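Just so it is clear, none of the values below were taken in a lab; they were calculated from the coordinates. Because the structure is predicted, anything quoted here is derived from the model rather than measured. Here Cβ is always computed from backbone atoms with ideal geometry, including for glycine, and neighbour counts include all displayed protein chains.
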Amino acid sequence: MLMSTSDKAAKLQYGASTFRVLRPGSHVLCAVSGEVIPLEDLRYWSAAHQEAYASAEIATRRLLGDD
């Protein structure tokens, strides 16, 4: 069975204000919670850590080292 791009996690390169798709996919996983984040809903990430986050709260906790 072939998987479509919509079934796969994308691989992204995170920049300061945008990201670049390195491998097509429909979503990424939150680095802290493992939650699936559709690319169209991705708002929070760390360029320094190259990680995506599901919410502002999770991103803040991670960046403060409270995760």
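Which of the residues that make up segment 28-53 are touching a helix residue (DSSP H, G or I) at 6+ places or on another chain (Cβ under 6 Å) and not in a loop (DSSP other than H, G, I, E, B)?
44, 53
Starting from residues that are of a type in the set (A, V, I, L, M, F, W, C), outside any loop (DSSP other than H, G, I, E, B) and in contact (Cβ under 8 Å) with a residue 12 or more places away in the chain, keep the ones in segment 54-67 and report whichever is surrounded by the fewest Cβ atoms within 10 Å (Cβ to Cβ). Walk me through how you get there before you give the answer.
Here is the first cut: in segment 54-67, the ones of a type in the set (A, V, I, L, M, F, W, C) are 54, 56, 58-59, 63-64.
Filter once more, keeping what is outside any loop (DSSP other than H, G, I, E, B): 56, 58-59, 63-64.
Those still in the list that are in contact (Cβ under 8 Å) with a residue 12 or more places away in the chain too: 56, 58-59, 63.
Values: 56: 10, 58: 18, 59: 21, 63: 15.
By that ranking, first place goes to 56.
Looking only at segment 24-47, which residues are out of contact with any Phe, Trp or Tyr (no Cβ under 9 Å at 6 or more places or on another chain) and either of a type in the set (Phe, Trp, Tyr) or closer than 19 Å to residue 13 by Cβ (or both)?
Residues satisfying the conditions are 24, 25, 26, 27, 29, 38, 40, 41.
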